[in-house]
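Novice: Got a structure for you, questions after.
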C-alpha cells in the first residue's frame, strides 16, 4: 500500500510509543503495523524511529507527511505535555535544516506545522508564569 492513512498514522504513533518505552520490540512493532494495517515495513520503521527522535529532540532523516507530523506533535503535547513538545519541535527544526540542506527542497508544510506548534509551546510558557 502506497498511501499512509490517518488510521495507520494513529496506529504507528501507539506502536512507536510502546517501542520507545521498551514495551515492544522494533521488529515486532513493524510487523504489527504491516500485518494489521498493510503498512509498508520501511515506512513503519521510519515512523517508529522518528518518534524516538522527536522525544529525544534529535534530527530524523526520513521525512514524515504533514498529517503524520501534525498528529505526532499533537499527541506528544497531549500525552507528555509542553516540555516534550519543545523537544519534538527541536527535532522537527533539525529535520527541516537537514532536509533543506541535503535534499535541496523545501518542507513548507512541515515548517508551517512547526511554527503552529511553536506558538502553542510559547503560549504555554506565558501561561506557566
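The values are calculated or read from the model by the stated rules, or taken from the named source; none is laboratory data. Quick caveat: nothing in here was measured; it's all calculated off a predicted structure. Glycine also receives a Cβ, built like all others from the backbone with ideal geometry; neighbour counts cover every protein chain displayed.
Novice: Is it true that residue 113 is at pLDDT below 95 and farther than 18 Å from residue 17 by Cβ?
Specialist: no
Novice: Let me confirm something: among 81, 75, which residue is on the phi > 0 side of the Ramachandran plot and part of a helix (DSSP H, G or I)?
Specialist: Step by step, each of 81, 75 is checked, and only 81 is on the phi > 0 side of the Ramachandran plot and part of a helix (DSSP H, G or I).
Novice: Mind checking which residues of the range 39-72 are outside any helix (DSSP H, G or I) and buried (at least 22 other Cβ atoms within 10 Å of the Cβ)?
Specialist: Result: 39, 64.
Novice: So which residues in the range 90-106 are surrounded by fewer than 11 Cβ atoms within 10 Å (Cβ to Cβ) and assigned to a helix (DSSP H, G or I), if there are any at all?
Specialist: Listed by number, the residues that qualify are 101, 102.
Novice: Let me ask another. Of (1) in contact (Cβ under 8 Å) with a residue 12 or more places away in the chain; (2) within 17 Å of residue 15 (Cα to Cα), residue 82 satisfies all except one. Which?
Specialist: (2)
Novice: Another question, if that's okay. When residues of the range 1-14 are filtered for being surrounded by 19 or more Cβ atoms within 10 Å (Cβ to Cβ) and over 12 Å from the mean Cα position of the chain (by Cα), how many remain?
Specialist: Residues that pass the stated criteria total 3.
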